[in-house]
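Data first, discussion second: the structure below is written as structure tokens.
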């Protein structure tokens, strides 16, 4: 939300919206908000999303579900996707 607020105040600034892997456990509560924000005119990408098994602030299954949701949302809205790659590159092909 902060990035979008900043982008709205500056002509040459754009924003991405996403659910970081640390917050993946909150996906159910954030889905509608994320989708509504993603439809705003200054939003040009979904992310940062991905997997971070190093810190594990959210369970692995929640991280995978949140990443899948954001991939689907990016496809639905025809937006690019920004990945965080702490763990993602090691297992990307399996998802």
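The values are calculated or read from the model by the stated rules, or taken from the named source; none is laboratory data. What you see is a predicted model; the values in this text were computed from it and never measured. We place every Cβ from the backbone using ideal geometry, glycine too, and count neighbours over all the protein chains shown.
General observations
- Restricting attention to segment 33-51, the residues being farther than 11 Å from residue 18 by Cβ and either within 13 Å of the chain's Cα centre (by Cα) or outside any loop (DSSP other than H, G, I, E, B) (or both) number 5.
- Entry remark, segment 34-68: residues being in contact with a helix residue (DSSP H, G or I) (Cβ under 8 Å, 6 or more places away or on another chain), surrounded by 14 or more Cβ atoms within 10 Å (Cβ to Cβ) and under 29 Å from residue 9 (Cβ atoms) number 12 in total.
- Subset of segment 72-90 [assigned to a helix (DSSP H, G or I) and either surrounded by fewer than 16 Cβ atoms within 10 Å (Cβ to Cβ) or at pLDDT below 95 (or both)]: 72, 75, 76, 77, 88, 89, 90
- Yes/no for residue 13 being surrounded by fewer than 16 Cβ atoms within 10 Å (Cβ to Cβ) and closer than 16 Å to residue 75 by Cα: no
- Once segment 1-17 is narrowed to residues that are part of a loop (DSSP other than H, G, I, E, B) and in contact with a helix residue (DSSP H, G or I) (Cβ under 6 Å, 6 or more places away or on another chain), the residue that is farthest from residue 69 (Cα to Cα) is 13.
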